[in-house]
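Participant: One structure is given below, represented as C-alpha cells, and several questions about it will come after.
What follows is calculated from the coordinates using simple rules that are stated; it is not laboratory data. Fair warning: this is a prediction, and the values are worked out from it, not measured in the lab. All Cβ positions, glycine included, derive from the backbone under ideal geometry; neighbour counts span all protein chains shown.
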Amino acid sequence: MNRRGLLLLLPLAIFLVLCAVFLVQLMSGRDISVVPSALIGKPAPLVTLEPLEGTNLPGFDPEMYKGRVTLVNVWGSWCVPCRQEHPQLMELARDSRIQLAGINYKDKPENALRFLNELGNPFDVIGVDESGRAVIDWGVYGVPETFVVGPDGVIRYKHVGPLTQKSILEQILPEIDKALVSSTS
C-alpha cells in the first residue's frame, strides 16, 4: 500500500483505538459516579460563615469539628435533588453520634427558611454562602454534596449527589463508624 492509502486509514485507526479505550473503561466495573476529592484525608477548610437568620442556630465555625463527627451538607432551596435527599437528612439528624452542619449555597435567606419550615430542619449548624465562594474551598462541583468530617477536623469522605437510603447504609454510616473508631484509638 502506498503512502496515500496509509494516510486514508489513519482516521479509522484512531477511531478504533478510541473505541477500545472507551470499551475498556465501560467494562472495568469502576463506579463512574464516584468523583475523587483531593481533600480526603486533609483538614476541612477553615471557613467561617454567618448563620441563617431566623433559625437560632450558630453559623459555620472551624472549631465546631473538635471532638465530634460532623456531616457537612451543601444544599439550596432551589435544588431539586436537595429536596429529594431531605428525608434522609432528617433521619440522619436523629443519630446522636454526629452533628449535621449545612452550608446554604447561593440562596436567598427567606427561601432557605421557607424550605426548612416546610420540610423540617435537620441541621445543628447552618452557614450561609450567598456568594458561593466558601464551597469552592470545599471542592464542591454542585449541590447537594455531603462530607464526613472526623472529630480531628479531617475530611474522611465525600458524597456527590443526593443521599439515598442505600448510600447512607453503604457509604455514609460506615464512614461515620470509622471516624468514631479512629477518634477513640
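Participant: Please compute the modelled spin-label separation between Glu63 and Leu180, points set 7 Å along Cα→Cβ, answer in nm with one decimal.
Facilitator: The modelled label-to-label distance comes out at 2.7 nm.
Participant: For Asp95 and Glu130 in one chain, what is 0.36 nm times their gap in residues minus the Cα-Cα distance, to one decimal in nm? The partial results should precede the final answer.
Facilitator: Working: separation 35, 0.36 × 35 = 12.60 nm, distance 2.86 nm.
Residue separation times 0.36 nm, minus the Cα-Cα distance, leaves 9.7 nm.
Participant: So, one more: At a 4.7 angstrom Cβ threshold, list every cysteine in the chain that has nobody to pair with, or say none.
Facilitator: Cys19
Participant: Could you point to the label whose value was computed as semi-axes √(5λ) of the Cα gyration tensor in Å for the structure here, given (i) 45, 17, 13; (ii) 26, 21, 14; (iii) 40, 20, 16?
Facilitator: From the options (i) 45, 17, 13; (ii) 26, 21, 14; (iii) 40, 20, 16, the structure gives (iii).
Participant: Right, next: Give the cross-link partners of Lys106 among the lysines, using a straight C-alpha distance below 23 Å as the criterion and excluding same-chain residues fewer than 8 apart.
Facilitator: Excluding near neighbours in sequence, the set is Lys158.
Participant: Go ahead and run the numbers for FRET between Leu169 and Asp137, Cβ-Cβ distance against an R0 of 25 Å, rounding to 0.05. Could you put the intermediate results ahead of the total?
Facilitator: Values: r = 29 Å, r/R0 = 1.18.
For Leu169 and Asp137, the calculated efficiency is 0.25.
Participant: Of all DSSP beta bridges in the stretch 1-120, what percent run antiparallel (nearest 5)? Let's see the in-between values first.
Facilitator: Working: 1 of 8 bridges.
The antiparallel fraction comes to roughly 10 percent.
Participant: Same structure again: Would you be so kind as to identify all helices of the chain, as entire DSSP H runs, whose Cα atoms reach 24 Å or more along the helix's own axis and whose mean Kyte-Doolittle hydropathy is at least -1.0? Intermediate values should be presented prior to the final figure.
Facilitator: Numbers: long enough: 3-27 (36 Å, 2.17).
Span-like helices in the chain: 3-27.
Participant: Multiply the residue separation of Asn117 and Val80 by 0.36 nm, subtract the distance between their alpha-carbon atoms, and state the gained length in nm to one decimal.
Facilitator: Numbers: separation 37, 0.36 × 37 = 13.32 nm, distance 1.64 nm.
Contour length minus the Cα-Cα distance gives 11.7 nm.
Participant: Also, quick follow-up: Based on the alpha carbon coordinates of the stretch 67-170, what radius of gyration and maximum Cα-Cα distance (Dmax) apply, in Å?
Facilitator: 12.6, 35
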